[in-house]
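J.: Next up is a structure, given as structure tokens.
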Amino acid sequence: MTKLQEGAKAPEFKAMASTGNEISLAGLKGQTVVLYFYPKDNTPGCVQEACSFRDAEMKLKLLGVKVLGVSKDSLNSHQSFIDKFNLNFPLLSDPKGEIISAYGAWKEKSIFGKTALGIERSTFLIDGEGVIRKIWRKVKPAGHAEAVLAEVEKLVRK
């Protein structure tokens, strides 16, 4: 698999969302999309990241941006996560890891000295034509949504 780069066409995806609907990149044509990958619902870093996107979502929405979170968790797990933290954007369930792999977010990670495969916290800013405008890898949750918002504002001004 080739490594995704900024300026490349974003891989098409289709998945069931916490809304009960299927969401696809093709179905979002014309909209800017923030697609972020996170390891697991209800874990500290994932809560911090999701809540920061929740808090920035109104500003992002005003700029025409659709925020989507992706993990391998089930729709039931996603709904519990949404309810617990009052999240205001859809979460996509990717139990087989197909979208996660297509975006290169399935990586070998070192956890407590042991190596295991897992989701590398990553975010992709995709424009309305399906082109990747910005990639963040190995994301640290603190301040990440603000960095994404700043990049979206730059993109919209172009």
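Values quoted throughout were computed directly from the atomic coordinates according to the rules given, and no laboratory measurement underlies them. Being a predicted model, the structure only gives us computed values, none of them experimental. Neighbour counts run over all protein chains shown; Cβ positions are idealised from the backbone, glycine included.
J.: Give me the net charge of VAL47's neighbourhood, meaning all other residues with Cβ under 9 Å from the Cβ of VAL47; Lys, Arg count +1, Asp, Glu -1.
T.: Computed value for this residue: -1.
J.: Sticking with this structure for a sec: For region 103-158, what does the alpha-carbon gyration tensor say about shape, rounded, prolate or oblate, given a ≥ b ≥ c as the root eigenvalues, a/c under 1.5 as rounded, and a/b over b/c as prolate?
T.: Taking the square roots of the gyration eigenvalues as a ≥ b ≥ c, region 103-158 is oblate.
J.: Pull up the cross-link candidates among the lysines for LYS66, meaning alpha carbon to alpha carbon under 20 Å and not fewer than 8 places away within one chain.
T.: LYS9, LYS14, LYS29, LYS134, LYS154, LYS158
J.: Rounded, prolate or oblate: which one fits region 46-134, using the alpha carbon gyration tensor with axes a ≥ b ≥ c (rounded when a/c is under 1.5, else prolate when a/b beats b/c, else oblate)?
T.: It comes out oblate by the Cα gyration axes.
J.: So if I place +1 on the C-beta of Lys and Arg and -1 on the C-beta of Asp and Glu, and nothing else carries charge, what would the dipole magnitude of the chain be about its Cα centre? I want it in debye, nearest 20.
T.: 380 debye
J.: Now, a different point. For a paramagnetic label modelled at 7 Å from the Cα of LEU155 toward its Cβ, which residues of region 56-70 fall within the zone defined by backbone nitrogen distances under 12 Å?
T.: Within reach of a label on LEU155, which here means backbone N under 12 Å from a point 7 Å along Cα→Cβ, region 56-70 contributes 60-61, 63-68.
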